[in-house]
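The values are calculated or read from the model by the stated rules, or taken from the named source; none is laboratory data. The structure displayed is predicted, hence computed values, not measured ones. We place every Cβ from the backbone using ideal geometry, glycine too, and count neighbours over all the protein chains shown. Side chains included, ligands, DNA and RNA excluded: accessible areas come from the protein's heavy atoms. Shrake-Rupley method; radii C 1.70, N 1.55, O 1.52, S 1.80 Å.
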Amino acid sequence: MELFYEFEPEDEANSQFGFDEDKDYQYLVDKIQEIDNTIDLEVIKKAFYFICHYHKGVYRKSGKPYYTHPLSVALILLQEFSIHDTASIAACLLHDTVEDVEGVTREVIAAEFSEEIAEMVDGVTKIAHSNIADDDKSGESIKSMNSDGSRDAEKDFIETKYKPELTKAEKSIIKAKTYRKLFLALVKDVRVILIKFADRLHNLRTIHYHPNLKKQAEIGRETLNFYVPLAHRLGLRKVKAEFENRSFYSSDKEAYEAIRTSLNEKRRDFLDYIMVFYELIRNSLNSQNIGHLLSIVHKHEYEIFQMMQDGKSISEIDNFYSMVVILDSNEVSDCYRAHGALANVFKTISFYDNITNPRLDWFKSLHSELYGTDGKRIEILIRTNEMEKIAEEGFASQFSLKSGALRALDFTDDEIDSWGGWMQEMIEMKGEKATKLIWDSIKTNLFDSDITAFDKNGNKYKLPNGATLLDFSFALSESHGLHFVSGKINNVFKDLNEKIKDGDRIDIITSPNVRPKLYWKNEVITHRAVVGLHKYFKLNEPEEYQAGLQDKKFVARLMIKGENRTGMLANISNTVGTSNIQRINLDTTDSVFEGAIAVYVEDLNHLNSIIASLVAIRGIKGIYRVENN
């Protein structure tokens, strides 16, 4: 089986919709009943004719009545995302009314339909106003309707309600508030984001009707910068691929066409080779009685473009196909059996076990890169049937309104409230600077790639790339974070700002007498650590400022060496006094440790007393002071 995703423009101007409202409604009903006969059709009917009435006289750039757009969006949600509850479909139909129709407010939607539907429509509306693509363009106001009654194809997601007379600072504050609203909508009910995805897909499929190439490019960049990472985060592989390719075409047509032409030539040249590879894999698995379906998946144009950004020319790229082995069984052990069968035939370049350590929460597979008989590379993905379903549909494969699974991201109510509260305080305290702080926090904690680390008991924790030892301490609990003294990564003492790597094993050392230092705020990126330290310093004056501490004490740096024995760190901490420790950074081997301790001291007599006490500890081999850098 060969899978090749083609993303051709949608011929909206010649679609079947827009000639007869009743026939269009019946088409929607037929599709709903094919999929889910529990949908409340009375609500759907009311929503459909509501938009026909309130969007009457408004047309798309294609010339179609505007109601055909929300109709198409609802069909995408229903057929392509497999989301089919009454409230979602109704909100899909109504998603542009609050934004565009005079007199239709959130309160009107709640009164006419329900609070749940109004909440979703309101969430989509807030996202629509965010204009995330380009901070410098945030003050532009794109008119939702043209003089001929038509509406810009992209207006749904780049229109803002900013007024031209607002200052740059005021615009930044409004944008920061929008990011906060975006976050709350995203983490509380994923259906809001899925409606926005369906909306964006339809607008990208029909964007060729808009004559403004600059606007097309802006929409493409916005999609690549925001919607693509979020689709990846939710495991929506097909949606992500379509976002990428359509946006790449909109933002850089010349590069897209050049890659597409080259790919078509290389695919013809490569087809005979890939079929030889196909037969070798098939025969290897059959010889071990491993039932399977083998698919050939083409990398699309944007994927090749990304590979070229690493310095490769397209002529040097030979792994633009992937082969997916979908096993007949759902036994995880069969994946490893299949990998073993292939490893006996082909030379393995790389191997990643994304079953034991899955990427995000959705993608599980064994991922290897192999050399063929003539030295060309090819990627192999091995999955069970169940893993394939999740890889294809991501969050949607596990969506259940009845089970309350509305959240695709793992945040508790308290975390949502705390993080949202921090954002609001940043807006009030930082003004226009809050925009970057809030967006960076959202991007880091929601979109950036995850790493997995383990505590001393083997429990698994996911953190964003760039997370530090102090971030990990807050991941254990707020108490661990606030009372952090030091920590070991893979049995080696490291400083609190040491960045964690995937697979690290970590042991955090705490003391109830330790209190956070102000500089810790610069050493963390996770929302738990950022919010935890912010809350602490709201209620507690920084230790460095208390009782004239800064005037009376200075920091001395000591180099220390000794035996690496059980209890040594506790002996050192107790001798110095945990309230006097600014930082500990020790490296260990099996029998010896050495490193540096930064301590607060009142004067030289105090420093000499600390050194004398440290020397008296059993196993200390040497200690001396060095000048601070």
Listed highest first by mean packing, meaning other Cβ atoms within 10 Å per residue, what order do 101-108, 74-81 come in?
-> 74-81, 101-108
Taking θ as phi - 60°, what are the ³J(HN,Hα) couplings along the stretch 16-29 by the Karplus curve (6.51, -1.76, 1.60), each to the nearest whole Hz, with x for Gly and Pro?
-> 6, 8, x, 9, 8, 4, 5, 5, 5, 5, 5, 4, 4, 4
In debye to the nearest 20, how big a dipole does the stretch 186-329 give about its Cα centre with +1 on each Lys and Arg Cβ and -1 on each Asp and Glu Cβ?
-> 660 debye
Protection proxy ranking of 288-294, 119-125 - average other beta-carbon atoms within 10 Å, highest first = 119-125, 288-294
Protection-proxy order for peptides 484-497, 220-233, 344-357, each taking the mean of Cβ atoms within 10 Å per residue, highest first = 220-233, 484-497, 344-357
Mind checking the dipole of the stretch 195-261: about its Cα centre, +1 per Lys or Arg Cβ, -1 per Asp or Glu Cβ, Debye to the nearest 20?
-> 220 debye
Output the pairs from LYS196/LYS253; LYS253/LYS462; LYS364/LYS436; LYS31/LYS56; LYS188/LYS521; LYS56/LYS436 with a Cα-Cα distance over 31 Å in this structure; if there are none, say none.
-> LYS253/LYS462; LYS364/LYS436; LYS56/LYS436
Got a number for carbon plus sulfur as a percent of the stretch 173-305's accessible area, 1.4 Å probe?
-> 51 percent
For the stretch 458-463, in residue order, the Karplus 3J(HN,Hα) values (coefficients 6.51, -1.76, 1.60; θ = phi - 60°; whole Hz; Gly and Pro = x) are x, 6, 9, 9, 9, 9
Cα-centre dipole for the stretch 16-82 with unit charges at Cβ (Lys and Arg positive, Asp and Glu negative), debye to 20 | 440 debye
